[in-house]
Amino acid sequence: MPKLNRFKIKIETGDAGMEGPVRFCINSHQVPLEDCVGSTAAGQTFEGGFEVRSFAHSLTLVGPEKGNWNIKRVQVDFEPDAIAPYSVTLGEVVLDETTELNIWKDPPQPTFDV
Amino acid sequence: MEKVSTQSTADVSVPIEKNTTESRQEEVVPSVLPVESVGETIERPSRDEYEEKPVVRRVIQAPVIDEELFPESQEILIKAQPSPTGDQCMFRINRNLLEGYSWFFSGFESAEGSPFAERLFSLGDVATILVHETAFTLTREDKTIVDWKPLAIEVGKAVRELLADGGTLLSPKIIAEIPSENEIREGIQKAIDEEVNPGVAGHGGNVTLLSVTGNTVTIKMGGGCQGCSAADLTLKQGIHTTFRKYVPKVGAIYDETDHAAGLNPFFQGELNA
């Protein structure tokens, strides 16, 4: 697991939106996202990020306090230390007050054409 | 709520005003109960109710979308991705090899009637083949070699030739022999209950069956297994062997987080009801 300098997240909300701040959980500490733009209302796109500068043993997107949040797509751009930045795109998922979404993904393994 | 019985005012010691730190600390403790409640039983929140407990949330996984792996092309495109330890190599292809199912070839004998597997085993040094939709994973006989490039190039050439021929890749018998999802679920659950969980319990771990799709099984490793550096090894060596002993036709076996590596990118990470 590389040291993570910063990550940016782009969330496309589906039919069911969410009210309230978008929070994430790093190593079991809940933190609000920074530099937020957009909204998590139905059909809207939200962007935010965080300057981590540490080792993320777990990184999750926290579900809403109440009701369902239908997420159509999540794109996470990781800026690790010493290795090239990489992006991960996650598909549709529904979060609620009992769930959080794992958004941490290790850097992709190198591939070659054969 | 816990029931608390009140005392009479006579039994309650009232602190005497003193100009010391000790006396000031005593003052903050409620010492005298209201007269109307004396002798009655009142309800007071228990210690647990005073403390606001943090909400324990369940961590779920979303499918990883890998749209940029291959460009739009009619050409047969194959990518090789050796594992970090070099013990296996996954090949991704822009064609579906076995739609909706997965199949594990344990050796050359198991490849009979499946030209795809027969050809790969005949390259030499291929120990096992796992085919799952648009991907296949190989392990090799010689575990000391971690450089997959020479063998991967041969594999790519062989697969491209087979696909170009347009013949049958995998024996039709394979699909016909696959048991129902219910039979697989029952067999795997039995394996977990009888052998796997008693085995990992000693380390504080547990394994849960999350889903069965076709003959592909996804499990969750919890308790002491979670985050354990030996979990990958345990999963591959012990659990796979046990599952295949109980359900010989089981295909791919994934840990719920494997899709991060692109092995099962469409797994939802939810229980199959």
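Beta carbons closer than 8 Å, at least 6 apart along the sequence or on distinct chains, pair a first residue in region B:160-180 that is in the same structural domain as B:Phe104 (by TED's automatic domain parsing) and open to solvent by 50 Å² or more (accessible area, probe 1.4 Å) with a second that is modelled with pLDDT of 90 or more and β-branched (Val, Ile, Thr) for B:Arg160/B:Ile76; B:Arg160/B:Ile78; B:Ala164/B:Ile76.
Restricting to region B:107-127, and then to whatever is open to solvent by 30 Å² or more (accessible area, probe 1.4 Å) and touching a residue at least 24 places away in the same chain (Cβ under 8 Å), can you tell me which residue is nearest to B:Gln88 (Cα to Cα)? Filtering first and then ranking leaves B:Asp125. Candidates in region A:25-58 are the residues that are under 23 Å from A:Ala84 (Cβ atoms) and hydrophobic (A, V, I, L, M, F, W, C); of these, the one that is least open to solvent (accessible area, probe 1.4 Å) is A:Ala56.
Against the numbered list (1) open to solvent by less than 80 Å² (accessible area, probe 1.4 Å); (2) over 25 Å from A:Phe112 (Cβ atoms), B:Thr134 comes up short only at (2). Taking every residue in region B:205-225 that is closer than 16 Å to B:Lys190 by Cα and without any contact (Cβ under 8 Å) to a residue 40 or more places away in the chain and pairing it with any residue that is of a type in the set (Ser, Thr, Tyr) and open to solvent by 20 Å² or more (accessible area, probe 1.4 Å), at least 6 positions away or on another chain, the pairs with Cβ-Cβ distances below 6 Å are B:Lys220/B:Thr208.
Within region B:58-83, residues that are more than 30 Å from B:Gly223 (Cβ to Cβ) and at the interface with chain A (Cβ under 7 Å from one of its Cβ atoms) have Cβ atoms under 6 Å from residues that are open to solvent by 20 Å² or more (accessible area, probe 1.4 Å) and in a strand (DSSP E or B) in these pairs: B:Ile65/A:Thr89; B:Lys79/A:Asp113; B:Lys79/B:Arg92; B:Ala80/A:Phe112, counting only partners at least 6 apart in sequence or on another chain. Checked against the criterion of being acidic (Asp, Glu) and within 14 Å of another protein chain (Cβ to nearest Cβ), the candidates B:Asp193, B:Asp147 yield just one match: B:Asp147.
Among the residues of region B:89-102, those that are open to solvent by less than 50 Å² (accessible area, probe 1.4 Å), closer than 19 Å to B:Ala158 by Cα and not aliphatic (A, V, I, L, M) comprise B:Cys89, B:Phe91, B:Arg92, B:Asn94.
The values are calculated or read from the model by the stated rules, or taken from the named source; none is laboratory data. Treat the numbers as computed from the prediction; the structure is a model and nothing was measured. Glycine gets a Cβ as well: all are built from the backbone with ideal geometry, and neighbour counts include every protein chain shown. These accessible areas exclude ligands, DNA and RNA; they are computed on the full protein's heavy atoms, side chains included. Shrake-Rupley method; radii C 1.70, N 1.55, O 1.52, S 1.80 Å.
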